[in-house]
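Below you'll find the structure, written out as structure tokens, and then a few comments.
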Amino acid sequence: MPVVSAALTDLGLRRPANEDSFVSRPGLGLYVVCDGMGGHAAGEIASRITADTVDAFIQHTDVVTESFTWPSRYRPEWGLDGNRLVSALLLANREIGQRTQDDPALRGMATTAVCLLIETADSRLESPNDRISSQAPDPEARAPEALSALVAHVGDSRAYLWRDGQLDQLTRDHSWVEEQVSLGVLNEAEARQHPWRNLVTRALAGADEPKVELTPLSLEPGDRVILCSDGLTSPLSNAAIGEMLARTPTGRPDELCQALVDAANNAGGPDNITVIVVEVT
């Protein structure tokens with residue numbers, strides 16, 4: 001089932017530097033958005049460490065054997081890809097911690113992260129009894145009707161699913177304002193304007209290992225997945241994002257990325273903006 005994608009990052013209108021990082025690796029089925037925090041160059045370093053670590057670990061574990069030593073306890077209920085994503089993010093957290101120990105000037109840096117991993121034909125857990133078949137693929141074999149995918153996130157960078165004209169937020173922000181929304185104290189509009197809207201309750205900060213939230217996903221033809229930093233979602237409501245998706249034809253993920261970034265900047269551009277659009281065709 002073909003997948004097309006595009007990614008775009010933008011400084012925004014009020015920040016002196018771009019502390020966002022992203023990964024777009026269609027061959028691995030991997031897409032990542034990281035939003036650095038900490039000021040100066042530190043946030044950029046934390047987000048880049050995370051993006052690079054996740055990229056390297058997912059590539060390294062494209063095929064793993066039963067004897068592979070995982071950097072954290074393997075949880076069978078998460079499946080192979082769940083353990084790959086969680087381990088990659090925990091490794092990134094450890095690397096951030098090591099960098100802050102090596103350079104005290106970087107203390108306080110942290111990053112959010114949201115990842116999408118689409119199962120590919122190559123990613124698998126290989127047992128010693130596996131053999132490579134020399135048999136040619138059956139040309140009449142039916143293509144899968146859906147793609148298995150997994151979203152992992154820490155912090156308030158988000159993933160959305162657009163399906164059949166409806167936008168669903170796949171991730172729940174790990175933030176103070178989200179907790180207030182859940183309690184009924186704030187609504188979405190108030191949360192986006194609240195002075196504490198940038199206060200996250202989970203992040204990759206190099207100290208205690210954060211709890212990574214996993215969201216399984218089954219992708220169908222016509223689906224769009226959007227990964228983004230809060231530079232998009234702070235100035236734009238979910239309804240506004242959905243309207244942009246409705247107006248942009250499928251098959252043009254680069255145009256959709258640009259339209260979303262432009263809309264965030266037209267709404268004030270208060271932060272760095274990073275958007276990845278993945279479409280199942």
Check your understanding: For the charge dipole of the chain, defined by +1 on Lys and Arg C-beta atoms and -1 on Asp and Glu C-beta atoms about the Cα centroid, which residue among 45, 146, 258 has the Cα displaced farthest towards the positive pole?
Key -> 45
Review point. What whole-number value in Å² describes the accessible area per residue of region 148-218 for a 1.4 Å probe?
Key: 51
Check your understanding: Mind listing the phi-derived Karplus ³J(HN,Hα) values for region 178-194, rounded to whole Hz, using 6.51, -1.76 and 1.60 with θ = phi - 60°, and x for any glycine or proline?
Key -> 5, 4, 5, 5, 4, 7, x, 7, 10, 9, 4, 5, 5, 5, 5, 9, 5
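Could you tell me the relative contact order of the chain? Use alpha-carbon pairs under 8 Å, at least six residues apart, and round to a whole percent.
Answer for the chain is 28 percent.
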Exercise for review: At 7 Å along the Cα-to-beta-carbon direction for both residue 77 and residue 199, put a label point, then send me their distance in nm to one decimal.
Suggested key: 3.2
Check your understanding: Net charge near residue 23, counting Lys/Arg +1 and Asp/Glu -1 over other residues with Cβ under 9 Å of its Cβ?
Key -> -1
Check your understanding: How big, in percent, is the set of alpha carbon pairs in the chain lying more than 35 Å apart?
Key -> 17
Exercise for review: With the full set of protein chains in place, find how many percent of the accessible area of region 5-114 is carbon and sulfur; take the probe as 1.4 Å.
Suggested key: 50
Exercise for review: State the Cα centre-to-centre distance between region 1-62 and region 251-269 in whole Å.
Suggested key: 18
Check your understanding: What is the magnitude of the charge dipole of the chain about its Cα centre, with +1 placed on the Cβ of each Lys and Arg, -1 on the Cβ of each Asp and Glu, and no other charges, expressed in debye to the nearest 20?
Key -> 400
Practice item. Show that you can apply the helix-only estimate: for the chain, add -39,500 (n - 2.57) for every DSSP H stretch of four or more residues, divide by all residues, and state [θ] at 222 nm to the nearest 500. Key: -9500 deg cm²/dmol
Review point. Where in the chain are the helices, taken as whole DSSP H runs, whose Cα atoms extend 18 angstrom or more along the long axis and whose Kyte-Doolittle mean reaches at least -1.0?
Key: 42-60, 79-102, 253-266
Point to revise | Heavy-atom accessible surface of region 195-281: percent carbon and sulfur, 1.4 Å | key: 48
**Study point:** Per residue solvent-accessible surface (Å²) - region 17-111, probe of 1.4 Å
**Key:** 43
**Study point:** Linear extension gain, residue 243 paired with residue 187, 0.36 nm per residue minus alpha-carbon span
**Key:** 18.2 nm
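The values are calculated or read from the model by the stated rules, or taken from the named source; none is laboratory data. Quantities reported herein were computed from a predicted structural model and do not represent experimental measurements. Positions of Cβ are generated from backbone atoms using ideal geometry, with glycine treated the same way; all protein chains shown enter the neighbour counts. All accessible areas refer to the heavy atoms of the entire protein, side chains included, with ligands and DNA or RNA removed. Shrake-Rupley method; radii C 1.70, N 1.55, O 1.52, S 1.80 Å.
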